[in-house]
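The values are calculated or read from the model by the stated rules, or taken from the named source; none is laboratory data. Keep in mind that this is a model prediction, so the values were computed, not measured. Positions of Cβ are generated from backbone atoms using ideal geometry, with glycine treated the same way; all protein chains shown enter the neighbour counts.
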Amino acid sequence: MELKSKKSFTIVIELLLMIPATMLSAFALNRLIIPAGLLSGGITGISQFINYFIPINVGIFYFLLNIPLLILGFLKLGRKFSTYTILATTLLSLFLYVIPVQPIWTDDTLLSAIFGGLLNAIGCGIVLRIGGSQGGLDIVSRVIAKYKNITVGRSNLIFNACIVTMCGFLFGGEKALYTILSIYTSMKTYNIILNHVDRMSLLIVTEKGDSVSNAITHDMHRGTTMWQGSGGYTHHDKTILLCVIMKGELNQLKKIVKTVDPGAFVSIISTKSVIGRFHQIW
């Protein structure tokens, strides 16, 4: 009962954190980036591009463009991620609609590019850290990261190169250069926030080694290392699995192990770093 209450409290805190996180991103966009004539990265930038030709609020375009991506996230990335992402996307769209588009603090394009990119990335990073995203290309990047060893930051860099090209055609070369600076600032901030995600090593002692390993590989796209052992008291044959995951995947893995072998013994060890092929989900 106590464990269930703690889990519920954690979920409430995570949901409450989404409000200031999405508000911060919307503030950065509507008060710094957009008034400076710059494009943001991802779906927000595409929404701004459409807004240039069809003057309807960016928040409306952002929400509409995210609908097919939210469906993709629901199909590929699990219930928690999808639920959190739907909520964050809705909040961000609402704040983009409510917060007026007008400059604040500075009229300097350079400062708007740097601090707009910084604040926007902090908001996005917070949502990613708690297990969701603000929608947009983060969903596509997470799907790519799940199936290919390409980080979210690297995928976003590729997508945002297209955004910069659009900005160059729309606003001219100088604005495109400032947009590059803003996106670069966001990317570096992103990496600082997300690279502090904890990694965990799990030792799983089970009598159903092949079944547990296959379930982890199928459901999580994580590899395992297996070796044979025996119980010190029972002398029954056991299989020992080693699996390294991100902290955000821990609950999913525990659920898989419990489903396949309720009697399995699991030891969870904090891991500072990993050398070699490790599938990075961020």
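In table form, for the structure just shown:
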item	result
Matching strands (runs of 3 or more DSSP E) fully within the stretch 173-264 where at least 3 residues are β-branched (Val, Ile, Thr)	199-206, 237-246
Matching option when the condition is modelled with pLDDT of 85 or more, in contact with a helix residue (DSSP H, G or I) (Cβ under 6 Å, 6 or more places away or on another chain) and either surrounded by 17 or more Cβ atoms within 10 Å (Cβ to Cβ) or over 30 Å from Met220 (Cα atoms) (or both), among Ser25, Ser82	Ser25
Some residue of the stretch 101-124 being farther than 23 Å from Pro20 by Cα, outside the structural domain of Ile216 (by TED's automatic domain parsing) and either part of a helix (DSSP H, G or I) or within 16 Å of the chain's Cα centre (by Cα) (or both)	yes
From Gly136, Gly125, Gly132, residue being closer than 18 Å to Ser47 by Cβ and of a type outside the set (D, E, K, R)	Gly136
Test for Phe9: is it closer than 19 Å to Gly168 by Cβ and either over 22 Å from the mean Cα position of the chain (by Cα) or part of a helix (DSSP H, G or I) (or both)	no
Failed item in (1) surrounded by fewer than 22 Cβ atoms within 10 Å (Cβ to Cβ); (2) over 19 Å from Ile43 (Cα atoms); (3) modelled with pLDDT of 75 or more, with Ser112 passing the rest	(1)
Subset of the stretch 43-62 (residues that are closer than 16 Å to Ser25 by Cβ and not in a loop (DSSP other than H, G, I, E, B))	Ile43, Thr44, Gly45, Ile46, Ser47, Gln48, Val58, Gly59, Phe61, Tyr62
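Each row is one residue, and each column tells you yes or no for (1) more than 30 Å from Val127 (Cβ to Cβ); (2) surrounded by 18 or more Cβ atoms within 10 Å (Cβ to Cβ); (3) in contact with a Phe, Trp or Tyr (Cβ under 9 Å, 6 or more places away or on another chain); (4) at pLDDT 75 or above.
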residue	(1), (2), (3), (4)
Lys188	no, no, no, yes
Glu207	yes, no, no, yes
Trp227	yes, no, no, yes
His236	yes, no, no, yes
Leu242	yes, no, yes, yes
